[in-house]
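The structure appears below as C-alpha cells.
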Amino acid sequence: MSRDGERLSASVWAETGVKKGHWSLGAIYREEQHLRFSKDTAELFYSIETNQDLNTGRHYEIDLNTYRFRGHGIRVARHMTPSKNVKLTLGTSLFQASNLLDGDLQGSATANSDDEYQYQFGIDYHYNKDLIFERRGTSSPKGLGVALDMSLTWQPSERVKLSAEVTDLIGTIRWRDAPYTKANTNPRTSIIDETGLSQVNPVLSGIEGTDSSHTQALKPSADFSGLYKLRNTAYTASTKLKYTNDLTLFAVGGLKQISGSTVGLHYWPQVGVLEAHYQGKQLGISLGADSLNLSKSHAIWLSLTYH
C-alpha cells in the first residue's frame, strides 16, 4: 500500500540444482503477479462488489495496471569472489512462460445516485484469458523468457555486512499468438440492484485480435540489507530496503543468534508492518502483517526459503 494508490504483489521462486566450483545449474519454477490501482479504482470496485451505496456526485478516476506470468526452465549461475570481503553471483535463466496478463485500464466514473453510476474507460492489454469482456474463442499464448539476476555481499569488517539481491535485473518474455484488446467504451450508465451490479454490456469501439509476437518487459525487484553486530552481544542491528512493483519500502529492526539459528523483528513504517523472521541452517521463514487479526490486514506477506 502507498499514498498514491494500492498495490498487490505475489512472487514465487522455487529452484533446485547442483553446484560445482564457481558454477551452479538448476531447474526453476516462478510466478509473478503485480497489480497497481488508484484509490478511486479500489473504492469503486469494492462498492460495486459489496453492493454498497455510492456517494452521489462522487467522481472516480480509474487507473489499473496489470503484470503477470508463470514460468519454468533452467538457471545457470557464476559465483565469484573478487576480493576476500566481496562475494558476487550472476545468474541467467531461460524459461517457458504462460499465464500472460500485461496492460492498462484507464478512465473515469461518476455516481449519479446511490445505486447508479456513469462510466467510460480505455483499455489496452494482452492476456491468456480475457477477464474484462470474457472474450471467447482464444487460445492461451506461450512465451519464451530470459532474465538476469544478481546477488552481492560486502563485509568490510567483522561487525558490518551489506548485501543486495536483484531479480529480473534485465529480462523479457517474447509471447507467440497473444490475444489482446485495445478499445474505448462509450459513456454508459450502470445500476446496482438488490442482488448487486446488473449485467451491462458496454458499447466498445476498438480492436480485439491476436499478436503474432508480443514482448513483455520484466519488472526488476530488489532486496537490500545492512547489518551491524553489537560488540560483545548476540544482537545485531539491521536495516532493510525492498523494491517491488515500483514501490520502495524500508525497515529497521534487530536480530539475535540462538543456538546456531537467527531470529529477528523488523518494522516497516510506510505500511505499518511488523515482520518476524527465523533463519535456521536450511529453513528460513518470514511473516509480516499490519494487524494481528489477519482478516483485517491491509498489508501482509509470507516468505519461505530452503537451502
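Every number here is computed from the coordinates shown, using simple stated rules; none is lab data. Just so it is clear, the model here is predicted, and its values are computed rather than measured. Glycine also receives a Cβ, built like all others from the backbone with ideal geometry; neighbour counts cover every protein chain displayed.
I need Phe95, Phe133, Phe121 ordered by Cβ neighbour count within 10 Å, fewest first.
Listed from fewest to most nearby Cβ atoms, that is Phe133, Phe121, Phe95.
Going by neighbour counts of Cβ atoms within 10 Å, the residues Ile170, Ile62, Ile258 line up, fewest first, as Ile258, Ile170, Ile62. Based on C-alpha pairs under 8 angstrom that are at least 6 apart in sequence, the chain has a relative contact order of 12 percent.
Partners of Lys19 within straight-line reach, counting lysines whose Cα lies under 17 Å from its Cα and excluding those fewer than 8 residues away in the same chain: Lys87.
Note that the stretch 49-59 has calculated 3J(HN,Hα) couplings of 5, 9, 6, 8, 5, 8, 7, 4, x, 5, 9 Hz, one per residue in order, obtained from phi through the Karplus relation 6.51 cos²θ - 1.76 cosθ + 1.60 (θ = phi - 60°); glycine and proline are x. The residue list Ser286, Leu274, Gly253 was ranked by how far each Cα lies along the charge dipole of the stretch 222-307 toward its positive end, using unit charges on Cβ atoms, and Gly253 comes out on top. Other residues with beta-carbon under 10 Å from the beta-carbon of Ser93 carry, at +1 per Lys or Arg and -1 per Asp or Glu, a net charge of -1. Placing +1 on each Lys and Arg Cβ and -1 on each Asp and Glu Cβ, with no other charges, gives the stretch 1-148 a dipole about its Cα centre of roughly 1700 debye. Charge dipole of the stretch 222-307 (Cα centre as origin; +1 on each Lys and Arg Cβ, -1 on each Asp and Glu Cβ, all else neutral): 340 debye, rounded to the nearest 20. Sequence-ordered 3J(HN,Hα) estimates for the stretch 247-263 from the Karplus curve with 6.51, -1.76 and 1.60 and θ = phi - 60° stand at 10, 10, 10, 9, 9, 10, x, x, 10, 9, 7, 9, 6, x, 10, 10, 10 Hz, glycine and proline given as x. Neighbour counts of other Cβ atoms within 10 Å put Tyr60, Tyr29 in the fewest-to-most order Tyr29, Tyr60. Its Cα centre serving as origin, the chain has a Cβ charge dipole (Lys and Arg +1, Asp and Glu -1) of approximately 2280 debye. Extension gain, Ala276 to Leu241, is 11.0 nm, computed as 0.36 nm per intervening residue step minus the present C-alpha separation. With θ taken as phi - 60° and the Karplus curve 6.51 cos²θ - 1.76 cosθ + 1.60 applied, the whole-hertz 3J(HN,Hα) list for the stretch 16-25 is 9, x, 10, 10, 9, x, 8, 10, 9, 9 Hz, x standing for glycine and proline.
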